[in-house]
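Data block below; observations after.
The values are calculated or read from the model by the stated rules, or taken from the named source; none is laboratory data. Since we're looking at a predicted model, the values are computed, not measured. Positions of Cβ are backbone-derived with ideal geometry, glycine not excepted, and every protein chain shown enters the neighbour counts. Keep in mind that these areas ignore ligands, DNA and RNA; they rest on the heavy atoms of the full protein, side chains included. Shrake-Rupley method; radii C 1.70, N 1.55, O 1.52, S 1.80 Å.
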Amino acid sequence: SLTEFEYLVVLAALRLGPDEAYTVSIADVIEDRTGRSVRRANVYTTLLRLEEKGFVATRLGEPRPERGGKPRRLVDVLPEGLAAARAATEGIRAMTAGLDDALGGAV
């Protein structure tokens, strides 16, 4: 299963795709979409944990001139990670079903 922040990291990586998902871009997407302040170190640590769980894999991308020739560590969501995100999404849908009025609008 995924913690709330792990879930957000996996969703951000899926949104970005395997060629653009890396620590900084994942943090930016979470901040932009949720309004939450996100520390890059927390994303990095979470990615390590997700990799240990077998939910994501990382690889080095092409060297980037804006990074002084250093490559970014890109994130691929593995089938197990996709399945965990689907299960979490279904759980949230099941728990919020019928709560539109209580939650203040359509869920």
When residues of segment 9-41 are limited to those that are open to solvent by less than 30 Å² (accessible area, probe 1.4 Å) and without any contact (Cβ under 8 Å) to a residue 40 or more places away in the chain, the one nearest to the chain's Cα centre (by Cα): A12
Could you list, ordered by first residue, the pairs with Cβ atoms under 8 Å in which the first is in segment 51-77 and among the polar types (S, T, N, Q) and the second is modelled with pLDDT of 90 or more and surrounded by 11 or more Cβ atoms within 10 Å (Cβ to Cβ), at least 6 apart or interchain? T58/L47; T58/E51; T58/R73; T58/L74; T58/V75; T58/D76
Considering each residue of segment 65-107, count those that are loosely packed, with under 13 Cβ neighbours inside 10 Å and in contact with a strand residue (DSSP E or B) (Cβ under 6 Å, 6 or more places away or on another chain), and give that number. 1
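For segment 55-81: of the residues being among the small types (G, A, S) and more than 14 Å from the chain's Cα centre (by Cα), which is modelled with the highest pLDDT?
The residue in question is G61.
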